[in-house]
Amino acid sequence: MRIAIVSSARARGTDDDEPLLLPALARAGAAADVVDWDDATVDWAAYDLAVLRSTWDYTFHHQKFLAWTEQVAAVTRLRNGPPVVRWNSDKTYLTDLAAAGVPIVPTTVLRPGDPIELPTDGELVVKPTISAGSRDTARYRPTELDQATDHARRLLDDGRAVLVQPYQAAVDDAGETALLFLGGTFSHAARKGPLLSAGGAITDKLFALEQMSPRTATAAQLDVAARALACAADAVPGGDELLYARVDVVPGPGGEPLLLELELVEPSVFLPQAPDGTADRFAAAMVTAART
Ligand SMILES: Nc1ncnc2c1ncn2[C@@H]1O[C@H](COP(=O)(O)OP(=O)(O)O)[C@@H](O)[C@H]1O
Ligand SMILES: [Mg+2]
């Protein structure tokens, strides 16, 4: 059995899951190659399964990437599949989750041509709808509304849609909780430290460096995750058979978990922070997907 672990040239050597995943795949009897999604020399049909992992530059080439997922899925199994990737790679999926009753961080979408009217009653976050790794994402105080407006205008002038959210200040102490699902089953949780410093600073890296540690999920967090995954299952073909999913939640104003991100494209699954045996379970789920 051959499995392609799909990466990108810029991300090579930076995926912390890979050193644990690759030996686990070998133990599971799969021959795994790490290959770049945009490497034209790769024979995708030679693989039983291609798994999107560190394709973290795809947001710079969104349409090309979506077209590539279709091409690969025509010759082998690609997980997660093209419709899931199309739906989930644009954060406007948050409005689908909200419409389905999933508690999300309050989100306003601005599209090119829309007037830029930002709330003035607290810290806010401006980010592109198509982004990853905290790129082009910044936090502004009410006194920095001009900078926030400039940031939104730059993105909109560039033809990009923008999300505006209230900054969830509980993240500063509690951090963000990532809930990991592997092969359709809840696996483990991890804590991610806060990433945005006050004053509009923006990372110039492929991804902002994340401070990770293990965490135990609460029943309320798992409930939000289950509701988000149920919505994905309804929203899109293949949403009911995800090889992997990550649900990121943050405490809202009353401490209740609010969904910040549902990551079905290329989430880190935080194997270094996961219980022993997690990499083997992920590998086993891949082997099953490669046979199905
Ligand atoms: N509304 C928000 N409140 C608090 N922190 C936020 C908010 N939006 C984003 N962040 C911070 O920015 C990071 C990146 O934003 P996120 O929406 O997860 O996009 P991505 O991970 O795809 O870049 C989050 O991990 C979090 O630390
Ligand atoms: Mg995130």
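From the residues in the range 195-215 that are more than 16 Å from the chain's Cα centre (by Cα), buried (at least 16 other Cβ atoms within 10 Å of the Cβ) and not β-branched (Val, Ile, Thr), which one is nearest to SER268 (Cα to Cα)?
ARG215
Could you go through the range 132-143 and let me know if any residue there is within 15 Å of the chain's Cα centre (by Cα) and of a type in the set (Phe, Trp, Tyr).
no
Report, by residue number, each residue of the range 243-270 that is more than 16 Å from ligand 2 (Cβ to nearest atom) and surrounded by fewer than 21 Cβ atoms within 10 Å (Cβ to Cβ).
GLY252, PRO253, GLY254, GLY255, GLU256
State whether one or more residues within the range 87-97 are in contact with a Phe, Trp or Tyr (Cβ under 9 Å, 6 or more places away or on another chain), part of a loop (DSSP other than H, G, I, E, B), of a type outside the set (D, E, K, R) and open to solvent by less than 30 Å² (accessible area, probe 1.4 Å).
yes
Which of the residues that make up the range 23-56 are surrounded by fewer than 21 Cβ atoms within 10 Å (Cβ to Cβ) and either under 21 Å from the mean Cα position of the chain (by Cα) or among the polar types (S, T, N, Q) (or both)?
Result: VAL34, VAL35, ASP36, ASP38, THR41.
Could you check THR185 against (1) polar (S, T, N, Q); (2) in contact with a strand residue (DSSP E or B) (Cβ under 9 Å, 6 or more places away or on another chain); (3) farther than 18 Å from ALA169 by Cβ and say which number it fails?
(2)
How many of the residues in the range 154-171 are surrounded by 15 or more Cβ atoms within 10 Å (Cβ to Cβ) and either under 18 Å from the mean Cα position of the chain (by Cα) or more than 7 Å from ligand 1 (Cβ to nearest atom) (or both)? Break it down into steps so the answer makes sense when it comes.
Of all residues in the range 154-171, those surrounded by 15 or more Cβ atoms within 10 Å (Cβ to Cβ) come to 155-156, 160-171.
Subsequent filtering for residues that are either under 18 Å from the mean Cα position of the chain (by Cα) or more than 7 Å from ligand 1 (Cβ to nearest atom) (or both) retains 155-156, 160-165, 169-171.
Of the residues in the range 154-171, 11 are surrounded by 15 or more Cβ atoms within 10 Å (Cβ to Cβ) and either under 18 Å from the mean Cα position of the chain (by Cα) or more than 7 Å from ligand 1 (Cβ to nearest atom) (or both).
For the range 222-242, which residues satisfy the criterion of being open to solvent by 30 Å² or more (accessible area, probe 1.4 Å) and more than 19 Å from ALA289 (Cα to Cα)?
LEU222, ASP223, ALA226, ARG227, ALA230, ASP234, ALA235
The values are calculated or read from the model by the stated rules, or taken from the named source; none is laboratory data. Predicted model only: the values in this text are computed from it and were never measured. Here Cβ is always computed from backbone atoms with ideal geometry, including for glycine, and neighbour counts include all displayed protein chains. These accessible areas exclude ligands, DNA and RNA; they are computed on the full protein's heavy atoms, side chains included. Shrake-Rupley method; radii C 1.70, N 1.55, O 1.52, S 1.80 Å.
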